[in-house]
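Comments concern the structure below.
The values are calculated or read from the model by the stated rules, or taken from the named source; none is laboratory data. Not measured: the values here are computed from a predicted model. Quick reminder, even Gly has a Cβ in these numbers, built from the backbone with ideal geometry, and neighbours come from all protein chains shown.
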Amino acid sequence: MSTNRRQFIHGLGAIALADLLRGEARAPHFAPKAKRVIQIFCPGGVSHLDTFDYKPELEKRSGQPMPGAEKEVSFQGANGALMKSPWPFVPGGQSGKMMTAGLPHLGELADQMAFIHSMQSRSNTHGPACVAMNTGFVFEGFPSAGAWTSYALGSMNDNLPAYVAIPDVRGIPPAGPANWTSGFLPAQHQGVAFSAADPIRNLERPSGVSAATDAASRDFAKMLNIRHAEQHAGDADLRARIASYELAASMQLSAPEVSDLARESKATQELYGVNDRNPLLAAYGRNCLLARRLVERGVRYVQLYCASRASGVDGFLNWDAHKTLQSDYERHFPILDKPTAGLIRDLGARGLLADTLVLWTTEFGRMPTCQEGTLGRDHNPDAYTVWMLGAGVKNGASYGATDEFGRRAVENVATVYDYWATVLQLLGLDHQKLSWYHNGINRRLTDVHGHVIRQILA
């Protein structure tokens with residue numbers, strides 16, 4: 001078969017398959033502010049009291065018992081006295097938003113962030129809480145926010161996934177792929193997991209197969225797929241399988257290019273810290289740069305992890321600082337700080353923040369007291385902080401508040417349902433209308449709850 005004829009057939013096949021697979025995506029419910037999302041997730045339960053939630057009374061009364069909670073028992077047992085942060089809080093940006101001195105690069109960007117200080121989790125255990133933050137449910141098997149976004153809006157490119165999950169070089173988060181699963185949605189909406197250090201596997205053509213033979217084989221498979229899909233038009237699993245193979249073929253060219261960070265200028269690489277002497281900072285920096293390259297090329301949703309699941313030593317691989325908070329966070333702060341700030345600055349410089357939403361998330365907060373006999377903090381599902389910035393977000397906004405010690409959210413208490421209702425709103429989606437019928441129920445990312453937090457919208 002001639003090259004021109006093969007290209008013609010390949011083009012017809014692509015059109016036919018696109019038509020067969022069309023219908024999973026739909027138009028937004030209203031004009032969106034954001035077209036794409038980068039969600040940064042820090043597993044381990046980042047302490048709001050040592051990062052973004054300034055509590056002068058905690059500093060003032062550090063070392064004293066917490067009033068009314070002298071014998072309180074939390075996740076790992078008894079708690080000691082109130083414990084102030086090892087780092088001072090300093091004014092950030094032009095607004096003077098108080099943030100930890102441990103994150104100086106992010107502190108410079110405080111004016112762009114909208115903080116939610118009153119988040120509460122439905123679980124005090126890492127796995128269920130991570131899954132709840134990402135899917136709205138503490139049980140595994142429900143679609144993640146990225147999968148819902150892919151299902152609702154589809155892809156903006158033909159050669160890369162709509163949804164990519166980038167695990168940290170230190171490992172996958174608690175509950176692993178359950179954080180980026182498609183659940184009961186069609187399988188093509190699940191996150192494709194790869195990173196700068198661990199690129200997509202099995203994309204290269206076998207050494208014994210020529211390019212012409214490979215192309216001819218794909219053309220023949222495409223013809224069979226079209227015929228079979230036409231005969232089984234209502235089979236969603238079949239459509240998902242065909243779509244995944246078509247995408248894999250396209251990614252043979254696109255994935256190596258998007259992963260080639262050497263194409264970036266030295267100034268850009270320095271901005272992200274990709275050559276830093278700290279290998280963990282450099283690895284996360286490369287993942288941040290990969291995230292920008294992905295959204296720049298039309299990936300709809302990127303989930304970017306900073307840290308991994310728990311290890312035998314609390315707080316060593318993630319933010320779970322039960323015993324030695326200061327030394328743990330002095331290890332984690334620099335890894336998060338410069339690359340994340342570099343990503344935000346780079347998105348802004350390239351004009352991508354105009355229609356890109358950047359989220360910073362974790363699964364729960366920490367106690368204002370020390371764990372008994374330690375210099376760390378136990379889990380606290382009753383209060384934590386998240387933030388977002390970019391498309392449609394009000395610069396410098398703060399929503400909700402915790403009590404004087406940061407023990408509980410007490411003002412404008414927010415849930416993961418409220419959070420995702422707000423994100424979907426920015427994507428032009430009504431969270432009450434975005435649903436999938438499963439096991440007799442019209443399931444939603446926000447379950448049967450949630451309201452849009454309009455106070456942080458521009």
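Here are some notes:
- Of all residues in the stretch 439-458, exactly one satisfies the criterion of being outside any loop (DSSP other than H, G, I, E, B) and under 16 Å from ASN134 (Cα atoms), namely ARG443.
- The stretch 287-313, residues that are surrounded by fewer than 24 Cβ atoms within 10 Å (Cβ to Cβ) and under 15 Å from GLU363 (Cβ atoms): SER308, ARG309, ALA310
- Leading residue by the ranking (nearest to the chain's Cα centre (by Cα)) among those in the stretch 73-99 that are surrounded by 22 or more Cβ atoms within 10 Å (Cβ to Cβ) and part of a strand (DSSP E or B): MET99
- Pick from the stretch 142-194, criterion surrounded by fewer than 24 Cβ atoms within 10 Å (Cβ to Cβ) and charged (D, E, K, R), ranking: farthest from TRP319 (Cα to Cα): ASP158
- Matching residues, the stretch 143-168, being in a loop (DSSP other than H, G, I, E, B) and within 18 Å of VAL423 (Cα to Cα): PRO143, SER144, GLY154, SER155, ALA162
- Restricting the first member to the stretch 76-93 and to residues that are at positive phi, and the second to residues that are surrounded by 15 or more Cβ atoms within 10 Å (Cβ to Cβ) and of a type in the set (A, V, I, L, M, F, W, C), the beta-carbon pairs closer than 6 Å and six or more apart or on different chains are GLY93/ALA110.
- Yes/no for ARG292 being within 30 Å of ALA152 (Cβ to Cβ), of a type in the set (D, E, K, R) and not in a loop (DSSP other than H, G, I, E, B): yes
- Selection status of LEU457, in contact with a Pro (Cβ under 7 Å, 6 or more places away or on another chain), among the hydrophobic types (A, V, I, L, M, F, W, C) and over 28 Å from LEU82 (Cβ atoms): no
- Flag if SER118 is hydroxyl-bearing (Ser, Thr, Tyr), buried (at least 23 other Cβ atoms within 10 Å of the Cβ) and under 20 Å from the mean Cα position of the chain (by Cα): yes
- Residues within the stretch 171-205 that are at pLDDT 95 or above and not assigned by TED's automatic domain parsing to the domain that holds PRO143, tallied: 0
- Of residues in the stretch 420-443 being touching a Ser or Thr at 6+ places or on another chain (Cβ under 8 Å) and farther than 16 Å from PRO28 by Cβ, the one surrounded by the most Cβ atoms within 10 Å (Cβ to Cβ): ARG443
- Residue count for the stretch 100-114, restricted to those that are surrounded by 24 or more Cβ atoms within 10 Å (Cβ to Cβ) and closer than 17 Å to LEU457 by Cβ: 1
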